[in-house]
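Structure first, commentary second.
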Amino acid sequence: MKRLVLEVFLLIALAAVGPYAWYLHTKVGADTAKVQTMTERGEEATKKLEEVSQALEAAQKELEPLRLQAQQMQAVRAGLANRVTIKDLEAAYAKEKTLTPERHLGVGVLRLLSTGQADEATLQSIKKALDAADWGSRKQVICAAQNALAFAGQKVQVLDECRPELPKPLATQAAEKK
């Protein structure tokens, strides 16, 4: 009799524990699939992070010459901020009846560098340089004037041969964006 009671008890226990064991088995299988998926995503994210890190390092190396140029530009602006040089240059040029395109451009660019923004006199001086130059012998003046006007925020269509050349890595990135 004890054996019969024990067998019935074991049968009832097995009937109660069986579905629970099946539930745990399926849950572990689903969790294993989720862990595998998350592991794959983590590996992909790690690869992308490495790629982005390498791109960032490359970009930082490319930025170093630009930082140096920016510091040089700031030093030039600080030196010209009091506008004494512009006044002296304009006083010297006032003695002449007509100015060459190079001199108009020089005055305009010097004004642009000293103020950091384009005022009407700056724009007029650069436009006079552009108007007075002929293409054959004055290509450099025209290119410099167009680039200066573009830098000053004016909507000027800069000729292809006048566009400043970007460093090679930056030029390839600009071409990829188009």
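Name the residue, out of Leu68, Leu99, Leu89, that is among the hydrophobic types (A, V, I, L, M, F, W, C) and assigned to a loop (DSSP other than H, G, I, E, B).
The conditions single out Leu99.
Could you tell me whether segment 146-166 includes any residue that is of a type in the set (Phe, Trp, Tyr), exposed (fewer than 11 other Cβ atoms within 10 Å of the Cβ) and at pLDDT below 80?
Quick first cut of segment 146-166, residues of a type in the set (Phe, Trp, Tyr) only: 151.
Adding the requirement that they be exposed (fewer than 11 other Cβ atoms within 10 Å of the Cβ) leaves none.
Checked against the condition, which is being of a type in the set (Phe, Trp, Tyr), exposed (fewer than 11 other Cβ atoms within 10 Å of the Cβ) and at pLDDT below 80, segment 146-166 yields no hits at all.
Report yes if Lys48 is loosely packed, with under 10 Cβ neighbours inside 10 Å and farther than 29 Å from Lys155 by Cβ, otherwise no.
Answer is no for this residue.
Restricting to segment 89-127, count the residues that are surrounded by 18 or more Cβ atoms within 10 Å (Cβ to Cβ) and basic (Lys, Arg).
Matching residues across segment 89-127 total 2.
Looking at segment 134-145, which of the residues that are modelled with pLDDT under 80 and part of a helix (DSSP H, G or I) is surrounded by the fewest Cβ atoms within 10 Å (Cβ to Cβ)?
Gly136
May I ask you to say which residue of Lys27, Lys34 is modelled with pLDDT of 85 or more and over 30 Å from Ala144 (Cα atoms)? Explain how you work it out, then say what you get.
Details: Lys27 fails: modelled with pLDDT of 85 or more.
None of the other options fit; the residue is Lys34.
If only one of Glu62, Glu51 is at negative phi, in a helix (DSSP H, G or I), in contact (Cβ under 8 Å) with a residue 40 or more places away in the chain and acidic (Asp, Glu), which one is it?
Only one candidate qualifies: Glu62.
The values are calculated or read from the model by the stated rules, or taken from the named source; none is laboratory data. A quick note: this is a predicted structure, and the numbers were derived from the prediction, not measured. Positions of Cβ are backbone-derived with ideal geometry, glycine not excepted, and every protein chain shown enters the neighbour counts.
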